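Scroll down for the structure; my scribbles are underneath it.
What follows is calculated from the coordinates using simple rules that are stated; it is not laboratory data. What you see is a predicted model; the values in this text were computed from it and never measured. Quick reminder, even Gly has a Cβ in these numbers, built from the backbone with ideal geometry, and neighbours come from all protein chains shown.
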Amino acid sequence: MKIRCQRLIFADEEFLQSVVFAIGKIHGFEPLRNWFTAIYEVLLGASQGPRFGGFIALYGVDETITLIDQALSTEH
């Protein structure tokens, strides 16, 4: 995901939302709600959250990538 995200030109939160949606679809999350639940649980510690495209737009693309990297590298 990180490599693909860095190569994209980010336009707005709707575009970012569609990218996150497409990544979940490509990786076989069915229903896609499970993909977003996984994102929220890993990054925010909750099963629900804001529209993720809006979160990325507000928080920043690079900052979100760093947040994902940190969350995935944390030992549980």
Cβ under 10 Å from residue 24's Cβ, residue 24 left aside: what net charge do those residues give with Lys, Arg +1 and Asp, Glu -1? +1
How would you rank 15-24, 56-65, highest first, on the average number of other Cβ atoms within 10 Å across their residues? 15-24, 56-65
Take peptides 43-55, 25-37 and line them up by average Cβ neighbours within 10 Å, highest first, as a rough protection proxy. 43-55, 25-37
